[in-house]
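Values in this text are rule-based calculations from the coordinates and carry no lab data. A quick note: this is a predicted structure, and the numbers were derived from the prediction, not measured. All Cβ positions, even for glycine, are placed from backbone atoms using ideal geometry, and neighbour counts span all protein chains on display.
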Amino acid sequence: MLRLRILSALVLVPVVAIVVLLGRPWLDIGVAVLAFLAALEVFGLLRSAGVPAETLLWPALVTVFVVALPRFLSSADWSPLPWLAVIVAAVMFVGCVAWLRRDAPRGEFPKWLAGLYGIFYPMLLTFLLVIVVVAPPIPATAALAGVLDPGRVWLVILVAIVWAFDTGAYVTGRLLPRGRFMAFISPSKTWSGVIGGAVAATVVGAVLTAATGHAATDGALVGLVVGVAGQLGDLAESALKRAAGAKDSGTLIPGHGGILDRVDSFLFAAPVLCIYLVSLDHLT
């Protein structure tokens, strides 16, 4: 199993690096593919948990949203609230129509709500592309200035923080296994691992944010919050898998499970980083 994980990582890491280096539109295509595959796995898990779900309709809707929202953000005179309201209303409408096709008694309503969760959950991957759009300019004197455009620099920082948390949690949890953390959802997690991951994410966030020309203290806070958000994303997926009685979200990646198993942390971490970047744009 460890050998498979290493071999898969040796393939996946260069692919991710190449897509990031190529930038848009390849980045858009890559995220769209991830969103479609992750949505397929989400609805597969929901079906296993007893929630009726469309096979291709919802993943297709998720993919369209993930690609469309950053495009709207890139356009001039963007006003986000009306469009977001339209998108949410459209998803709710389509969800209602699909639900009404079934002879659903009153007890089926929670399943419909779970189905809506299944739509909005993988849609959070769109924030990977939103980061590319909303990232403010990097000062010319900063260490990372000119390496890539600001959006892709912050995308790399996001990946580095999430991976730092995961690596720190894994190493600390193995070396100093102390105190079970959320064992009813994920039995392998420990408090020592969470603390080690938080420390690693904080350090990486501080160093890389400072390299963009912003205060290292701000970066430390960003690293901590983004890292913890990523951990919450991991727990959310673990809860979904437990409800479905599944060990992994899929079998696409040997030794790693499914696509959702690889991107679950980013579903919650990316929106948090977006909030920080938007605040930077308004405060500077």
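For residue 257, nonlocal amide neighbours, meaning residues 5 or more places apart or on other chains whose placed amide H falls under 5 Å from its own, do not occur.
Around residue 260, under 11 Å between beta carbons, what's the net of Lys plus Arg minus Asp minus Glu among the other residues?
Numbers: positive: 241, 262; negative: 41, 234, 237, 248, 261, 264.
Local charge sum for residue 260: -4.
Amide H contacts for residue 190 (H built 1.01 Å from N in the peptide plane; partners 5 or more residues away or on another chain; cut-off under 5 Å): 181. Our summary of shape: the Cα atoms of region 131-234 have principal axis extents of 46, 22, 18 Å, ordered from largest down, in whole angstrom.
Seen from residue 190, the other residues with C-beta closer than 9 Å to its C-beta sum to a net charge of +3, counting Lys and Arg as +1 and Asp and Glu as -1. In the frame of its principal axes, region 165-284 has Cα extents of 48, 29, 24 Å, reported largest first.
Which order, highest average first, do 111-118, 30-37 follow once you tally other Cβ atoms within 10 Å for each residue and take the mean per peptide? Don't jump to the answer; show the numbers that get you there.
On the way: 111-118: 17.6, 30-37: 20.6.
Per-residue Cβ counts within 10 Å, averaged per peptide and sorted highest first, yield 30-37, 111-118.
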